[in-house]
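All remarks here apply to the structure that follows.
Since every read-out is calculated from the coordinates, none of them should be taken as a lab result. Computed from a prediction, not measured in an experiment: that's the story for all the values here. Here Cβ is always computed from backbone atoms with ideal geometry, including for glycine, and neighbour counts include all displayed protein chains.
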Amino acid sequence: MISLTNLIGGVVTMAWIIAIIVVVLLVIWYVMLYNGFIQIRTHVQESWSQIDVQLKRRNDLIPNLVSTTKGYANYEQSTLKKVVELRNQLTAVPAGDRQQTMEVSNALSGTLRSLFAVAENYPDLKANTQFSKLMEELTNTENKIAYSRQLYNSTVASLNMKVQSFPSNIVANIHHFKQEAYLQVPEEEKTAPNVNFDDFGNDNK
């Protein structure tokens, strides 16, 4: 027969085993949640870096655009000046201020759109190979900016959901994971996802 002492000892041992298993499972759960936050925060940073690359690419193209167009008499000189001002303003925005960066970027996109639209009135400029090439490259860059912004907002949504949801919000509070702000989407892109500057040239194709 099993003695009372042995029975109590067995129960205590089993209790310890269960407690250890519970602790191990809790640790695993905690580590998984923490690593999940690290992963999704990294995705947010990576998606922003894609936007940053395209913004720098556009900034590199603008001087060539200005050089190509300013030779045409009275071609939207005020608009060209605004493009240069916005480009300079964009480069002066502090690196960590994503909201201001995109506000200036959206304004620059709109100004470039206006600049290309009035090219209809300048047949010689429309026929300029360099201008057409720059227009195509800027169109592609604008579309990549729009796509990258959508990707950024999507990853931010995933992060914010984890920060607010139970039980992951416990880990978020302990390790100071914070919600990120969404990047504003220009009104015209809400109905037209792709920015296309070269529509004005379709009548020549």
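Determine, for Tyr30, Tyr152, the number of other Cβ atoms within 10 Å of each Cβ, and report the residues in order from fewest to most.
On the way: Tyr30 14, Tyr152 24.
In increasing order of surrounding Cβ atoms, one gets Tyr30, Tyr152.
With a 10 Å Cβ neighbour count serving as the proxy for reagent exposure, in which order, fewest first, do Glu137, Glu180 appear?
Details: Glu137 16, Glu180 19.
Ordered by Cβ neighbours within 10 Å, fewest first: Glu137, Glu180.
Helix 98-117 and the longest principal axis of the Cα set of the chain meet at an angle near 30°. Rounding to the nearest 10 and keeping the result within 0 to 90°, find how far the Cα-based axis of helix 129-164 lies from the longest principal axis of the chain. Long axis of 129-164 versus the principal axis of the chain: about 20 degrees.
Compared with the direct C-alpha span, the chain from Ile28 to Glu46 gains 3.8 nm at full extension, assuming 0.36 nm per residue.
Remind me, what semi-axes does the chain give for its equivalent ellipsoid, largest first in whole Å, using sqrt of 5 times each Cα gyration tensor eigenvalue?
Numbers: eigenvalues 707, 44, 29 Å².
Computed over the chain, the values are 59, 15, 12 Å.
For the chain, lysine pairs separated by 8 or more sequence positions, or belonging to different chains, with Cα-Cα distances below 23 Å total 19.
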